[in-house]
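Participant: The structure's right below; bear with me while I get my questions together.
Where a number appears in this text, it was derived from the coordinates with a stated rule and is not lab data. Treat the numbers as computed from the prediction; the structure is a model and nothing was measured. We place every Cβ from the backbone using ideal geometry, glycine too, and count neighbours over all the protein chains shown.
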Amino acid sequence: MAGSQYNREPQFLDIESSSYDEDSFPTCIAWSLPDGQIKNVLVMPDEDWNPQDSTLPDETLQHLYDHGVSGIDIIREMNDDLDGKPVYIDGIDYDADLLEKLCDTFDEEPTFELTPITSLITNKSFEEIMDNKSLIMQDNNLNTKHAEHNVLSLLILARENKLM
């Protein structure tokens, strides 16, 4: 059976933010699909987030307006792709807070559950998991500032721990 649970990879999500302040907002979201593919979407800033007050350079903000996708469309696509599944996050960023901000802005609810990576990789401490993730990032020339690179590193980590 092609859609068998045994052939599917755990799904991961990572969200880049405009800053690390409490006024930050999501700028890019990446998540993986059951077959290991990764979707990566720029987020068009919502006026409720006061993007003009952010520390983002004007060119970056303009790029988000020009190439970003409306938050409501992103939420709907994530809900379609991730519906009813645990979606793992590394827990080192503000992913849960940023997802909540996105959903609250558009009065939507995620139909999936963000779950810490430690509930997937149970035989290692959080520190060991993050050390392994760092090595994967280095070995594969991945940039921690790119959401899709963080998702890819978590997929590789799951494969190395034989969790798919």
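Participant: Go through region 9-34 and report how many residues are out of contact with any helix residue (DSSP H, G or I) (no Cβ under 7 Å at 6 or more places or on another chain) and part of a strand (DSSP E or B).
Facilitator: Number of matching residues: 0.
Participant: Just one of 21, 46, 81 is among the acidic types (Asp, Glu), within 22 Å of residue 150 (Cα to Cα) and surrounded by 13 or more Cβ atoms within 10 Å (Cβ to Cβ); which is it?
Facilitator: 81
Participant: If I ask for residues that are in a helix (DSSP H, G or I), farther than 21 Å from residue 87 by Cβ and not small (Gly, Ala, Ser), which ones from region 124-164 would you list?
Facilitator: Scanning region 124-164 gives 127, 128, 131, 135, 138, 139.
Participant: Confirm whether residue 121 is surrounded by 14 or more Cβ atoms within 10 Å (Cβ to Cβ), in contact with a Leu (Cβ under 9 Å, 6 or more places away or on another chain), part of a helix (DSSP H, G or I) and β-branched (Val, Ile, Thr).
Facilitator: no
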